[in-house]
Amino acid sequence: MQNLKKLKLLVAVPFLIILASGCASRPAAQAGKAEAETSSVKEAKVDAQKENLGKIVAQAERDGEKQAGTIKQAAKSYIGGISDLAVANPAKVNELASGINKAILISGVVTQWQPSTRSDSDAHDIYTVITVHVTQQHTFRQVTDLTGQDIHVVQPGGLTTVGAQWRYYPKKDFENLQEPTAEEKQQPVFVEDSEMPLPRIGDQLITAIQPFAHDASLQFLKHNRFDQKEDFVTAHGDNGQFFLNQQTGQYESRAVKGVNYGFGQASGVGQAPVYESSATNVLSGDDSGQIHDNAVALLKDINQRFAVKTVSD
């Protein structure tokens, strides 16, 4: 009888072990299945984001072609010095997140242009509100992440007319200015800072920005607070805004090549503006000293971190 009990026990123990191991494997299998499903959902989400971004970029490039034709037919008038800085910007991406020159570094694609409303204080100046679809935010993500959002960046220059320029031009400061004819006043004019060209619709760029409004800017500089609904401005002018060369995958500095300045000197109707660019040098007016050296170092650091892999790579 005892031998029979032992036999039953010997048979039962392996059975219980098998049963227990089977029960233990179920949660692990279920966890693995849930993990696989979560991974699949994440991949589907990433694929959907890539597809959506591809559509945004494609539409922006089509709109950019139309814009290029409009700018080509406009007279060209160039200004200079708006982007000049008195203090050197940071030389490293990490330094944009601290100090007195902190900035929100973003990558994105330009999708729209809108003329900025004139004010009495700067009635003779031209500004444009540029819509940027943010593809990646590189600094201050923990504060407010702009990735995937459309933001507005105010920049000097844009499309106007001879008539609007004449209306707001400080004529009392000049002698012997002849008023344009009614027909001449209808002529479109494209105004641009020669050292800080306006990003075109369809351009992909990386740029350092800050809130545009004075109070909002101070709030950001003091407490790192900002709102995605705010208008922004380039934090370091041409020394902090670089354009993606889609052939090389490198970000580049850009400047106007061959310019005329001021009202009454506009020219180039029917001609597209010509630019020079560099992935290793910042093409600003000041090409020496710490301001320039820091800008070049920042461009180098940006390309080391964020240069885009191309097909040839």
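The values are calculated or read from the model by the stated rules, or taken from the named source; none is laboratory data. Because the structure is a prediction, the values reported are computed rather than measured. With ideal geometry, Cβ positions are generated from the backbone for all residues, glycine too; neighbour counts draw on all protein chains shown.
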Scanning region 89-110 for residues that are farther than 17 Å from residue 227 by Cα, touching a residue at least 40 places away in the same chain (Cβ under 8 Å) and assigned to a loop (DSSP other than H, G, I, E, B), the one nearest to the chain's Cα centre (by Cα) turns out to be 93
Give just the number: which of (1) farther than 18 Å from residue 96 by Cβ; (2) within 19 Å of the chain's Cα centre (by Cα) does residue 194 not satisfy? (2)
Just to be sure I understand, how many residues within region 200-250 are small (Gly, Ala, Ser), within 26 Å of residue 72 (Cα to Cα) and assigned to a loop (DSSP other than H, G, I, E, B)? 1
Region 251-284, residues that are assigned to a loop (DSSP other than H, G, I, E, B) and modelled with pLDDT under 85: 257, 258, 259, 260, 262, 263, 264, 265, 266, 268, 284
Restricting region 124-144 to residues that are without any contact (Cβ under 8 Å) to a residue 24 or more places away in the chain and in a loop (DSSP other than H, G, I, E, B), which is surrounded by the fewest Cβ atoms within 10 Å (Cβ to Cβ)? 142
Would you check which residues across region 206-244 are in contact with a Leu (Cβ under 8 Å, 6 or more places away or on another chain), hydrophobic (A, V, I, L, M, F, W, C), surrounded by fewer than 23 Cβ atoms within 10 Å (Cβ to Cβ) and in contact (Cβ under 8 Å) with a residue 60 or more places away in the chain and list them? 244
